[in-house]
Amino acid sequence: MARNDRDAKRHRLLEAAAELFAHKGYHATRVGEIAQQAGVAKGTVYEYFATKEELFYALLDHWLTQFESELSERLASEPDPLQQADIVREAAVQFYQRHATHAPIFLEFWAHALRSPDGRFLGRIQRFRAFLEEWGHRLTKALVDGGVFLPVDVPSLVRLEAGISDGVFLLWVLSGQGFSLERAYVFRQSVLGLGVLSEAARQVLQEKLRQKLREGFLERSLES
């Protein structure tokens, strides 16, 4: 089979698995169901993935690699750290919105990574975290050095922002995507921004950020 044909079939298996994992859950989904959803024989699945868990890992790796590649490409084309911060936020929102129907899978990934004896899951998530933290450190340091941010412990701020972002995503999933993820992430960015802005930057940006704080991100905020 030609390489392109193999890649296409592998991608079809990943898409089928994603749909079923999101609907039924990883543990309740059978390999035969994935094969049926992809329109192939059950044995074909094992030609590409030795186990269902290996397929699960491949799906995680595919999504995270895609995000890392796209974000790196976008950041490389923009030298301004303030604009880069917006790019990171926009990329995260777009990624989650693109995978809105797959949101439960990410929660299963996290749980599976903590309990599976296969260390690849936790290792992959840790590498993804390291990727995000590296960019976070780079952007935050540039903003501090440029006088936009007050002197701050960069690793602490980066970890705090990551924790808040994860919490917003979890809230979005558990609320049935009942609010705008984009507005929530802008709100988070405004809250943190006002806390660490230097006096000079505050004079320029504070009214814009305060407006974002007044607007909030819940629909009821617009009615009050």
(request) Treat the count of other C-beta atoms within 10 Å as a stand-in for reagent exposure and order T65, T29 from fewest to most. (result) T65, T29
(message) Quick check: Cα centre of segment 167-221 to Cα centre of segment 6-40, how many Å?
(response) 37
(message) Quick test of the membrane-span-like rule: which DSSP H helices of the chain reach at least 20 Å along their long axis (C-alpha atoms) with mean Kyte hydropathy at least 0.0?
(response) 154-174, 181-196
(message) Give me, ordered by chain and number, the residues 5 or more places off F149 or on other chains with an amide H under 5 Å from its own placed amide H.
(response) V144, S198
(request) Give the span of segment 86-224's Cα atoms along each principal axis, as three whole-Å numbers ordered largest to smallest. (result) 51, 40, 19
(request) Report, ordered by chain and residue number, the lysines lying within cross-link reach of K141, taken as a straight Cα distance under 25 Å and ignoring same-chain residues fewer than 8 apart. (result) K208, K212
(message) Run the helix sum for the chain: -39,500 (n - 2.57) per DSSP H stretch of 4+ residues, divided by residue count, reported at 222 nm to the nearest 500 deg cm²/dmol.
(response) -26500 deg cm²/dmol
(message) For segment 1-49, I need the span (max minus min coordinate) of the C-alpha atoms along each principal axis, in Å, sorted largest to smallest.
(response) 33, 17, 16
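Taken together, the values in this text are just the output of simple stated rules run on the coordinates, not laboratory data. Just so you know, these numbers come straight off a predicted model, no measurement behind them. Quick reminder, even Gly has a Cβ in these numbers, built from the backbone with ideal geometry, and neighbours come from all protein chains shown.
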